[in-house]
Each structure stands twice: as C-alpha cells, then as structure tokens.
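J.: Can you keep this structure in mind? I'll have questions shortly.
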Amino acid sequence: MKWLKRIGLAVIALLAVFVFGWAPYFLAGIATTRKFPYKDKENEGLTPRSFELPYEDVAFTAPDGVPLKGWWVPAGESRGTVVLVHGLNRSRVEMVKKVPFLHKLGWNTLLFDLRHHGDSGGNASTFGFFEKQDVHAATAFARSRAPGPVVLWGVSLGGASVTLAAAEDPGVAALICDSSYRSLRDTVAHHVSLFRGFRWWMRIVPSWPVASEVVYWIGRRGGFDPDAVDIRDAAAHMAGRPCLFVCNSEDRRMPSDIAFELKAAAGPQAQVLVVPGKSHGGAYRDGTAAYETAVTSCWEQRPPRPPCVRRSADEETSMSEPIRKKKRATVGAVTKRSAPAPRGRHVPFPEEDNGAAQKAPEQIGSYSMVDPRFREIYFEFYKATYRPSVLDRKTKELVAISASLAAKCQGCLEGHIKKALKFGATREEISETIAIAMGVNAAAIVDLTDIAAENLEIKLF
C-alpha cells in the first residue's frame with residue numbers, strides 16, 4: 001500500500017509542477033519569445049503597388065537598437081502622415097488595405113513591422129512595452145520625411161502600442177485604437193479563461209493563480225515590467241486630442257466593453273465605433289463604410305491641418321484659369337466649416353459629434369431665413385441635447401431617426417442614419433426603429449380617424 005501512496009503523491013507532485021510550473025512558463029513563451037507568423041490569406045502578397053500606389057522600402061532603428069523595416073507611401077502635397085501598426089503575429093501587410101483610403105484623403109502612410117514580427121529584428125514581443133519604442137521611432141521617421149501632423153492607427157497589439165506611444169508624445173495629433181486590451185494583466189487573465197475552452201489539457205489549469213504566474217513569466221522572458229502595460233491609464237493621457245476606439249460587437253478576445261472604458265479614460269472628445277461581427281481586429285473589413293466615416297469624423301473634431309479643397313474634373317474644367325489660380329493660392333488658408341450644401345437643401349446638424357457647436361452655416365438654403373439671434377438659441381439647445389447624459393449616443397441617434405420620420409425631414413433622416421451606424425447601431429436596430437416609427441404614425445392616423453368618426457357621428461365599418 002505504501003508504494004500506491006508514493007505513486008499517488010508523485011502524480012500529484014507532477015500535476016502540480018505541470019499546472020503551476022510548466023503550463024505558465026509554456027504559455028508565457030507562446031506570448032513572448034515564440035515567433036508565430038499568422039497566415040494572412042486575406043492580404044497575402046499585397047503591397048501598396050497592388051492598389052497602384054507608389055511606395056518605397058524603408059528601414060529605421062528603434063531607440064534600443066532594434067532594426068525595423070517598413071513601407072513609405074507618399075501622397076504628394078500631403079496633409080500629414082498616418083503611421084499604421086499591425087497586431088500580434090501579423091505584419092505590415094495586415095494594414096495595407098487602409099492605405100488607398102488614406103491616400104485619397106491626402107495622407108502619407110508609413111506601414112512597418114513591429115519588433116519580433118515580419119522583416120524587423122528583435123527576439124521578443126512585449127505587448128506594447130518595447131513596441132511603443134518602435135512606434136516612437138516610426139513617428140520620428142515620419143516627421144523626418146514630411147511636414148505636418150502625425151496620426152497613429154493600430155490594431156490589437158498595434159492599438160495598444162500606439163496608445164502607449166501617444167500618451168508619451170503630445171505631438172501626436174490623433175489616435176485610432178482598434179481592438180486593444182485594457183492592460184496586460186487583464187488580457188492574460190481573460191485569455192487563460194479562453195484557452196481553457198480551446199485545449200483539453202488546459203481544463204485542469206485553474207485561472208487563478210495561473211494567470212498571475214503567466215504574467216510573471218511574460219515579464220521575465222520579455223525583460224520588462226508587466227504592470228507598465230496599462231492601456232487604460234495611457235488613454236487618460238490623451239489630453240483632449242481626437243481619439244477613436246474601435247471594436248467588433250462579438251469579439252471574444254477583446255470584448256466591446258473595453259473600447260468604451262478606453263473612451264471614458266480618454267475624455268469627452270473620444271469616440272467609439274462598434275462594428276457588428278465576431279472577428280478580432282476585422283472591423284475595417286466588416287464595416288468599411290462606417291469605419292471610414294468614423295475616422296473622418298474623428299479627425300474633423302480638430303483637424304490637424306485645414307482639409308484640402310477637392311473638386312470634380314467637370315467643376316475644374318468649368319473654372320476659368322484666373323479663378324483656379326486664386327483657389328490654389330487660398331487652399332492653405334481654408335478654415336474648418338461645414339461643406340456647402342446644394343441650393344435648397346437643408347443642413348440639419350448644427351453640432352459636432354463631440355457636442356461642440358459649429359459656427360452658424362453660411363451657405364444658401366440652410367437657415368438663411370432665420371434671424372441669427374434665434375439661430376444661436378437653436379444651436380445651443382441642439383448642442384445641449386447631444387452632451388453626455390442618461391442616453392448613450394447610439395440611442396439618441398435611433399430616437400432622432402424616429403423623430404426625423406415624424407418631422408418628414410429628409411436631410412435629418414439621412415444624417416442620423418449615418419451617425420447611428422457610426423456609433424454602433426446595427427442595420428437590424430435601425431430597421432426596427434423605422435418600423436416602430438411606422439407603427440406610431442399608423443396609430444396616429446387611426447386616432448385621427450376615430451376622432452373624426454366621433455365628431456361626425458359616422459361609422460364606416
């Protein structure tokens with residue numbers, strides 16, 4: 001019987017070593033020192049030239065000497081530069097489909113491989129601790145290549161890295177953080193729980209204290225302080241700069257609650273975009289139109305530079321040469337204002353997405369018959385309805401869709417549908433909102449006819 005007892009104790013000891021020793025060390029190695037290039041079939045083989053855009057291979061060095069490789073895509077007379085940063089186990093190619101959109105808006109783009117990824121050097125991934133140094137190096141390179149503001153845009157690990165870097169660099173003009181985590185400790189605990197469902201042998205591994213041990217070994221094997229990777233704390237240092245936090249509605253790895261928490265930390269100027277879908281880091285693919293609208297709106301809160309005046313080819317042809325010269329000379333002095341509306345169309349939104357009032361529209365067909373005194377009163381009231389309150393912004397936009405239908409305001413309806421999509425409303429939610437409005441309108445008709453029947457003492461049926 002003694003030998004059975006000894007075998008039992010030995011099995012328990014081996015199990016304890018496996019659960020509390022080897023498993024945390026192994027998981028930490030997967031996260032840090034193991035180089036696992038994800039097979040990106042969606043973007044495999046793509047370069048900026050795939051979109052008929054000129055580019056050049058570039059190389060620069062992180063402050064600690066790690067060599068970094070990337071692509072520089074110039075945009076001629078640019079508005080500035082957007083640095084695009086990929087996720088864990090990916091490479092710069094993950095971000096390449098965003099380049100045509102940015103190029104069309106007049107932005108240079110710099111895509112590069114983070115350390116321990118793609119063609120760059122380095123021997124460990126650190127969840128943003130050292131990667132933020134890579135982003136600092138990329139930002140410095142961008143500033144050396146072109147004048148103008150620098151905007152950071154990252155996904156997953158890239159989103160965490162650009163947020164950490166922007167917190168340390170007040171010169172960063174704006175931030176787009178897609179599918180980031182709250183902190184290293186939080187995401188490790190969450191992923192250990194997920195792993196327990198993915199691997200049979202992980203089911204015998206308890207989340208606590210194994211998650212804490214994994215964090216410890218990640219720090220040891222990566223050579224950094226895990227507690228310094230706190231994205232929520234970094235977001236709190238954005239100092240009023242435009243920020244957009246993006247997520248997929250059913251992302252199991254990075255739940256959508258994280259984006260709202262980062263937004264709350266960054267301040268009232270920050271925005272959130274929730275794209276319907278279950279993917280991680282796939283929001284741009286899953287909701288391209290809403291994503292691009294949200295990005296443009298985010299930057300327009302306080303544009304780093306006045307936007308370029310762009311006209312169609314027909315408009316340019318119809319302009320006389322003296323007028324064209326005058327327009328070119330004044331493009332650099334254009335100040336931010338609402339885009340002119342076609343004659344006779346009403347522009348119904350006297351407020352920015354952050355609740356700040358716009359200057360009264362000056363174009364013909366929009367408030368042109370309203371006394372300026374009353375316009376200002378209206379604008380102040382409208383702005384107040386969009387300040388943070390009990391209702392979140394998505395709910396307010398759904399309510400506004402119903403009100404637009406009741407008021408028969410076409411411009412209002414189109415504008416609020418666009419904003420509802422931007423603030424995370426699904427097509428199903430918008431459809432149901434319209435259906436409710438239809439039902440209420442039908443009920444109003446029934447009510448009117450009932451009153452008429454009673455007044456006239458007539459019953460048709």
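Just so it is clear, none of the values below were taken in a lab; they were calculated from the coordinates. No experiment lies behind these values; they were computed from the predicted model shown. Counting neighbours? That spans all protein chains shown, and the Cβs are built from the backbone with ideal geometry, glycine included.
J.: Identify the trypsin sites (Lys or Arg not before Pro) of the stretch 39-75 meeting these criteria: DSSP loop state and at most 14 other C-beta atoms within 10 Å of the C-beta. Present the calculation step by step, with values, prior to reporting the outcome.
T.: On the way: sites: K39, K41, R49, K69; in loops: K39, K41.
Sites meeting the loop and neighbour criteria: K39, K41.
J.: If you don't mind, there's one more thing I want to ask. Between W3 and E44, what is the label-to-label distance in nm when each label sits 7 Å out along the Cα-to-Cβ direction?
T.: Those two pseudo-labels are separated by 5.5 nm.
J.: Based on the Cβ-Cβ distance from S279 to I458, what FRET efficiency comes out when R0 is 56 Å, to the nearest 0.05? Each step should come with its number before you reach the end.
T.: Values: r = 59 Å, r/R0 = 1.06.
For R0 = 56 Å, the calculated efficiency reads 0.40.
J.: Over the Cα atoms of the stretch 388-461, each weighted equally, I'd like the Debye log10 I(q)/I(0) at q = 0.24, 0.26, 0.27 Å⁻¹, rounded to two decimals.
T.: Result of the Debye calculation: -1.02, -1.13, -1.18.
J.: For every other residue with a beta carbon closer than 12 angstrom to the beta carbon of I434, add +1 if it is Lys or Arg and -1 if Asp or Glu, then tell me the sum. Please list the in-between numbers first.
T.: Numbers: positive: R427; negative: E428, E429, E432.
Summing Lys/Arg as +1 and Asp/Glu as -1 gives -2.
J.: Another question about this same structure. Go through 446-455, 408-417 and give me the packing order, highest mean Cβ count within 10 Å leading.
T.: Values: 446-455: 10.3, 408-417: 16.7.
Those peptides, ordered most packed to least, come out 408-417, 446-455.
J.: Right, next: Would you mind classifying the stretch 203-289 by shape? Square roots of the alpha carbon gyration tensor eigenvalues, ordered a ≥ b ≥ c; an a/c under 1.5 is rounded, otherwise it is prolate if a/b is larger than b/c and oblate if not. Numbers along the way, then the final one.
T.: Details: a/c = 2.58, a/b = 1.39, b/c = 1.85.
Cα axes put the stretch 203-289 in the oblate bin.
J.: Below 10 angstrom from the Cβ of L102, what's the summed charge of the other residues (Lys, Arg +1; Asp, Glu -1)?
T.: Working: positive: R79, K98, K104; negative: E292.
Here the charged neighbours net out to +2.
J.: Something else: What is the dipole size for the stretch 388-461, taken about its Cα centre, with +1 at each Lys and Arg Cβ and -1 at each Asp and Glu Cβ, in debye to the nearest 20? Can you show the working numbers first?
T.: Numbers: 9 positive and 10 negative charges, 109 e Å.
Using Cβ point charges on Lys, Arg, Asp and Glu, the stretch 388-461 gives about 520 debye.
J.: Dipole of the stretch 81-152, Cα-centred, from +1 at each Lys and Arg C-beta and -1 at each Asp and Glu C-beta, to the nearest 20 debye?
T.: That gives a dipole near 240 debye.
J.: Sticking with this one: Checking the table K104/K263; K97/K394; K104/K408; K39/K419; K278/K408 against a 32 Å threshold on Cα-Cα, which pairs fail? All intermediate terms of the calculation are to be shown ahead of the outcome.
T.: Details: K104/K263 28 Å; K97/K394 28 Å; K104/K408 35 Å; K39/K419 35 Å; K278/K408 36 Å.
Flagged as over cut-off: K104/K408; K39/K419; K278/K408.
J.: Sticking with this one: Give me R34, R387 sorted ascending by neighbouring Cβ count inside 10 Å, so fewest comes first.
T.: Working: R34 14, R387 11.
If I rank by nearby Cβ atoms, fewest first, I get R387, R34.
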